[in-house]
Amino acid sequence: MKIAIIGAGIVGCAIAHALLDEGHEVLILDREGPAFGPSRGNAGWMAHTDILPIASPKILRQVPKFLLDPLGPLSIRPAYLPRLLPWLVRFVLAARPQAYEASIRGIGALQQRALPAWLARAERSGLTRHIHRKGGLYAFTDAGAMDEAARIARRQAEFGIRVEMIGPEALRQFEPALKGGFAGAAFHPDTAHISDPLQLTMALFETALARGATFEKAEITGISTGERPALIGRDGWQRVVDRAVIAAGAWSKPLAAALGDSVPLDTERGYNVSFPGMTGLTSRPIGFEGHGFVVTPLDSGLRIGGAVEFGGLAAAPNHARTKTLYDKAAGFLDGLPPFESGTLWMGFRPSMPDSLPVIGAASRNPRVVYAFGHGHYGMTQATVTAEITAALLAGRAPELDIAAFSPRRF
Ligand SMILES: Cc1cc2nc3c(=O)[nH]c(=O)nc-3n(C[C@H](O)[C@H](O)[C@H](O)COP(=O)(O)OP(=O)(O)OC[C@H]3O[C@@H](n4cnc5c(N)ncnc54)[C@H](O)[C@@H]3O)c2cc1C
């Protein structure tokens, strides 16, 4: 079949490979070029050991505190609040105990398959040098948070995820650049990190082209509901294909709406500062629990990033937020270069209120499949999503139950 993929982020590029594996003719479309969304600059964690949704009873308790601090780990731009309200209502509903448990099951089912799917893809496509398997650390400044992490570790064990709780001394042996004052850490021995999100996405994209996929720069503004979907672009541009995939990240909502699906997709904007060429300060990624940021030793340099800002897709970045992350990191790590020497970036996580992606056929045209909304885990879940999408397009049942990811679940 001739299959078009709208979006050349990490998810679209991974899907291209899964479709090429099955002998399809693949056309990748992007209005910018490959890796222009968050797939360009994310934190680079293969975070398959994270199984907790963002909407949780704990977050709801913390929201009032967060909102009082406009540069805190979670914030809402006041002007965006009216537009965000329907999403926020879903978010609150997703934090109810039963819904929270359902989200954990959905995330866990994807995360369990995420690393094996990546390792298989990396092996087949010659990309193994992009995946580093050194584990990851979540460091705690507060002993109470350690107890909670031990409780979460028991949940993670249900999904076969190994977590080792370690004390402050062991933590400093793992990462000598950390300053004192930590109560300890949760060590995830199986967590991986990648070379660099831009490098990995480009490598996937280029290997897909080398395998026969083609690329066109085009902004898709509509999709017909006919027997063979017609993709409509600007200035009379049109391509008719046998099947199409919408993998346009945070920009997927209007395309899904045109196919009869009103999905509550919004964006959690995230920020980072990177220090190109700076390697070796830490050996593995470190998250700072309760502070909303992580530090990743990418091959391209050290990256400090995180935060969740609700402000939509149009507002300019507020890098005072990035400086706040940097200042916190400087309080935790020795040897950081000056903030001014870093490269600043903001990206748009494609976020659903229940932290589960949308994977499934469109209501008005089952020949179009959705693969978007992966929020904090799009890089991690790209290859497992690609396997599910390829199965759906071939008319096979995917390996896992995908009811939790239905575009019609709300
Ligand atoms: C600060 C930050 C840190 C993160 N850290 C991690 C991490 O450590 N691990 C992890 O797994 N995930 C992480 N994420 C999340 C991850 O980056 C995203 O979930 C993922 O990149 C989404 O990929 P995607 O391919 O779905 O979308 P995108 O990367 O957004 O790609 C979508 C593409 O579609 C194109 N497009 C949009 N609309 C159209 C249209 N109408 N026509 C044609 N093209 C269109 C865009 O140009 C874009 O290139 C992080 C995100 C942020 C912001």
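The values are calculated or read from the model by the stated rules, or taken from the named source; none is laboratory data. None of the values given here were measured: they were computed from a predicted structure. Ideal geometry is used to build each Cβ from the backbone, glycine not excepted, and the neighbour counts take in all protein chains shown.
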Inset, instruction - Specify which of the listed residues (ARG321, ARG364) is touching a residue at least 12 places away in the same chain (Cβ under 8 Å) and more than 21 Å from the chain's Cα centre (by Cα). - result: ARG364
Inset, instruction - Working carefully through the options PHE205, PHE215, find the one that is in contact (Cβ under 8 Å) with a residue 24 or more places away in the chain, in a strand (DSSP E or B) and within 17 Å of ILE28 (Cβ to Cβ). - result: PHE215
Inset, instruction - Enumerate the strands (runs of 3 or more DSSP E) found wholly within region 157-201, keeping only those where 2 or more residues are in contact with a strand residue (DSSP E or B) (Cβ under 9 Å, 6 or more places away or on another chain) and not aliphatic (A, V, I, L, M). - result: 184-188
Legend entry - Condition broken by ALA208, with the remaining ones in (1) near the ligand (Cβ under 10 Å from one of its atoms); (2) within 20 Å of PRO34 (Cβ to Cβ); (3) crowded, with 22+ Cβ neighbours inside 10 Å satisfied: (1)
Legend entry - Yes/no for ASP50 being under 12 Å from the mean Cα position of the chain (by Cα) and acidic (Asp, Glu): yes
Inset, instruction - For residues that are closer than 28 Å to ASP354 by Cβ and surrounded by 20 or more Cβ atoms within 10 Å (Cβ to Cβ), tally how many sit in region 114-138. - result: 8
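Looking at GLY306, GLY226, GLY260, can you tell me which residue is part of a loop (DSSP other than H, G, I, E, B), at positive phi and either touching a residue at least 12 places away in the same chain (Cβ under 8 Å) or small (Gly, Ala, Ser) (or both)?
Values: GLY306 fails: part of a loop (DSSP other than H, G, I, E, B); GLY226 fails: at positive phi.
After applying the criteria, what remains is GLY260.
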Inset, instruction - Scan (1) touching a Ser or Thr at 6+ places or on another chain (Cβ under 6 Å); (2) within 15 Å of the ligand (Cβ to nearest atom); (3) among the small types (Gly, Ala, Ser) for the single condition ALA95 breaks and write down its number. - result: (2)
Legend entry - Conditions (1) more than 16 Å from the ligand (Cβ to nearest atom); (2) in contact (Cβ under 8 Å) with a residue 24 or more places away in the chain; (3) not basic (Lys, Arg); number of the one not met by PRO70: (2)
Inset, instruction - Any residue in region 29-44 that's within 21 Å of LEU209 (Cα to Cα): show its pairings with residues that are within 6 Å of the ligand (Cβ to nearest atom) and modelled with pLDDT under 95 at Cβ separation under 8 Å, as long as the two are six or more apart or on different chains. - result: ASP30/PHE36
Legend entry - Restricting region 320-355 to residues that are more than 29 Å from LEU60 (Cβ to Cβ) and within 15 Å of the ligand (Cβ to nearest atom), the residue that is surrounded by the most Cβ atoms within 10 Å (Cβ to Cβ): GLY342
Inset, instruction - Please work out which residue is modelled with the highest pLDDT, limiting yourself to region 122-155 and to residues that are aliphatic (A, V, I, L, M) and part of a helix (DSSP H, G or I). - result: ALA122
Inset, instruction - Kindly provide the set of residues from region 263-287 that are farther than 14 Å from ILE304 by Cβ, in contact (Cβ under 8 Å) with a residue 40 or more places away in the chain and either assigned to a loop (DSSP other than H, G, I, E, B) or of a type in the set (S, T, N, Q) (or both), ordered by number. - result: VAL263, PRO264, LEU265, THR267, SER283, ARG284
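Any idea which of ARG162, ARG172, ARG155, ARG211 is of a type in the set (Lys, Arg) and more than 29 Å from ASP299 (Cβ to Cβ)? Spell out how you get there, then give the answer.
Working: ARG162 fails: more than 29 Å from ASP299 (Cβ to Cβ); ARG172 fails: more than 29 Å from ASP299 (Cβ to Cβ); ARG211 fails: more than 29 Å from ASP299 (Cβ to Cβ).
So the residue among ARG162, ARG172, ARG155, ARG211 that is of a type in the set (Lys, Arg) and more than 29 Å from ASP299 (Cβ to Cβ) is ARG155.
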Inset, instruction - Please determine, by comparing only the residues of region 64-88 that are over 21 Å from the mean Cα position of the chain (by Cα) and among the aliphatic types (A, V, I, L, M), which one is modelled with the highest pLDDT. - result: LEU85
Legend entry - Cross-chain or 6+ apart pairs with Cβ under 7 Å, region 156-179 first and more than 28 Å from PRO53 (Cβ to Cβ) and at pLDDT 95 or above, then part of a helix (DSSP H, G or I) and of a type in the set (S, T, N, Q): none
Legend entry - Residues located in region 1-16, provided they are aliphatic (A, V, I, L, M) and within 13 Å of the ligand (Cβ to nearest atom): ALA4, ILE5, ILE6, ALA8, ILE10, VAL11, ALA14, ILE15, ALA16
Legend entry - Scan of region 17-49 for residues that are among the acidic types (Asp, Glu), more than 7 Å from the ligand (Cβ to nearest atom) and over 15 Å from ALA382 (Cβ atoms), ordered by number: GLU22, GLU25
Legend entry - Checklist (1) of a type in the set (Lys, Arg); (2) outside any loop (DSSP other than H, G, I, E, B); (3) more than 14 Å from the ligand (Cβ to nearest atom) applied to ARG239, failing item: (3)
Legend entry - Subset of region 242-277 [within 12 Å of the ligand (Cβ to nearest atom) and among the aromatic types (Phe, Trp, Tyr)]: TRP251, TYR271
Legend entry - Count of residues meeting criterion [modelled with pLDDT of 95 or more, more than 10 Å from the ligand (Cβ to nearest atom) and either under 13 Å from GLY106 (Cα atoms) or assigned to a loop (DSSP other than H, G, I, E, B) (or both)] in region 365-383: 1
